[in-house]
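The values are calculated or read from the model by the stated rules, or taken from the named source; none is laboratory data. The structure displayed is predicted, hence computed values, not measured ones. In this analysis, Cβ positions are derived from the backbone assuming ideal geometry, glycine residues included, and neighbour counts consider all displayed protein chains.
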Amino acid sequence: MRPRIIAAIAALVIGTTWLSAQARRTLDIYVVDVEGGNATLFVTPAGESVLIDAGNGGAAAARDAGRILEAAKDAGLTQIDHHITTHWHGDHFGALSEVAQRIPIKAYYDHGPTIQPQPASTEFLDRVYPALVAKAKRTMVKPGDRLPIKGLDWRIVTSGGQVLQSPLPGAGGRNPYCATNTLQDPDPTENAQSVGSHITFGKFRVVHPGDLTWNKEVELMCPANRLGTTDLLIVGHHGQAISNSEVMVHALQPRVSIINNGTRKGGQPDAMRILLNSPGLEDVWQSHFSLLSGQEYTVPGMFIGNLVDQQPDAMPVGAWTAPPQGQQPPPPPAHEGKSYWFKVSAQQDGTFTVTNTRNNLTKTYRARTN
Ligand SMILES: [Zn+2]
């Protein structure tokens, strides 16, 4: 290629990058499909980034890291400024090392040591994580902490089994759902240790509870609702029914909920009933059609990011029976093909759009006027 043509192309590429960095006015959130794990990428108007969780490990690590990198590239990122690991389960930290090999990560946040050692997490925490954080910065967070992110108020609301004690500004009213709540069995796993975040961008609010389970939701939200209401809920624990109590979901009154579920993980009828019946709800978006929801408990297809691998002849109306609590669902068929993320773009006034990249459906939720 002639130098002049190369120079012209370089100018075009640099110009486009410069333009996109200059033009961004929104907080962008990518809910990346990692087949029933979690990876949520936040990018501020200034281009500062926070990745919450990094998808699955083992054989799925390269796939999930690739999907996260695709989202980072779409956002024009050259580094991840902050990475939060909500808890030490493989569907959350699994591909972290692979992600870090492909894009620099500058700061790590977590709840501290695991309370549920398993071979994969022990190996990761003993050998892999120390090497990653040695090149960056590690902070063990506690409820009430703020992450130093320009333009956002990022509060940690749960961590290491502890919950926020004093309400956020404007919150703290009596939570009417506490009176009828019944507790579930105590959860001795890492889920209950999840780092939960509350994020404010102007008037726009997001809650990301990680895999926080039912009884911890109750501790956080009763008797006073310490979080107030939210515009967007990144649904806890992949939309499973051992999380997502009414005291959490209905009290938050999300306008939009996005579930990062799998085809056989999350979306059980008990959880969907609460999520879909939430006061003030406008839409639920699901990363996958879940066989555990069936037609009865799912959302219209246009709000679903990824379909099932092997399309059945007929839409299953009835839900599959979920495996007993504590047991893993049968492994899904390998899904190595194209996956689709949801992209949320929020404005300071509270208006936000959600885009389904599978079908390019974009829906705008106008700022509340009251
Ligand atoms: Zn999980």
Quiz item: Within region 68-89, which residues are within 16 Å of the ligand (Cβ to nearest atom) and either hydroxyl-bearing (Ser, Thr, Tyr) or part of a helix (DSSP H, G or I) (or both)?
Solution: Ile68, Thr85, Thr86
Quiz item: If we scan region 104-113, do we find a residue that is within 16 Å of the ligand (Cβ to nearest atom) and under 17 Å from Ala65 (Cα atoms)?
Solution: no
Quiz item: Restricting region 249-275 to residues that are within 16 Å of the ligand (Cβ to nearest atom) and not polar (S, T, N, Q), which is surrounded by the most Cβ atoms within 10 Å (Cβ to Cβ)?
Solution: Gly267
Practice problem: Please determine, by comparing only the residues of region 190-217 that are more than 16 Å from the ligand (Cβ to nearest atom) and within 25 Å of Gly36 (Cβ to Cβ), which one is surrounded by the most Cβ atoms within 10 Å (Cβ to Cβ). | Solution: Val206
Exercise. Under 7 Å between Cβ atoms, at least 6 apart or on separate chains: pull out the pairs that start in region 244-256 with a residue that is of a type in the set (Gly, Ala, Ser) and end on any residue that is modelled with pLDDT of 95 or more and in a helix (DSSP H, G or I).
Key: Ser245/Trp214; Ser245/Glu217; Ser245/Val218; Ala251/Tyr177; Ala251/Met221
Quiz prompt | Test for His92: is it within 16 Å of the ligand (Cβ to nearest atom) and part of a helix (DSSP H, G or I) | solution = yes
Quiz item: If we keep just the residues of region 129-149 that are part of a helix (DSSP H, G or I) and of a type outside the set (A, V, I, L, M, F, W, C), which is farthest from the chain's Cα centre (by Cα)?
Solution: Pro130
Practice problem: Tell me, yes or no, whether region 329-344 has at least one residue that is at pLDDT 95 or above, exposed (fewer than 12 other Cβ atoms within 10 Å of the Cβ) and part of a loop (DSSP other than H, G, I, E, B). | Solution: no
Quiz item: Within the set of pairs 6+ apart or on separate chains, which have a first residue in region 129-140 that is exposed (fewer than 14 other Cβ atoms within 10 Å of the Cβ), a second that is of a type in the set (A, V, I, L, M, F, W, C) and outside any strand (DSSP E or B), and C-beta atoms under 6 Å apart?
Solution: Lys137/Ala107
Quiz item: Quick check: is even one residue across region 160-167 at pLDDT 95 or above, within 15 Å of Gly196 (Cβ to Cβ), in contact with a helix residue (DSSP H, G or I) (Cβ under 6 Å, 6 or more places away or on another chain) and not aliphatic (A, V, I, L, M)?
Solution: yes
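Per-residue answers, yes or no, for (1) part of a strand (DSSP E or B); (2) among the small types (Gly, Ala, Ser); (3) modelled with pLDDT under 95:
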residue: Ala251; (1), (2), (3): no, yes, no
residue: Ser257; (1), (2), (3): yes, yes, no
residue: Lys265; (1), (2), (3): no, no, yes
residue: Ala271; (1), (2), (3): no, yes, no
residue: Gly280; (1), (2), (3): no, yes, no
Quiz item: Would you pick out the residues in region 234-246 that are surrounded by 24 or more Cβ atoms within 10 Å (Cβ to Cβ) and away from the ligand (no atom under 16 Å from the Cβ)?
Solution: Ser245
Exercise. For residues that are in contact (Cβ under 8 Å) with a residue 40 or more places away in the chain, within 18 Å of Met140 (Cα to Cα) and not in a helix (DSSP H, G or I), tally how many sit in region 95-128.
Key: 8
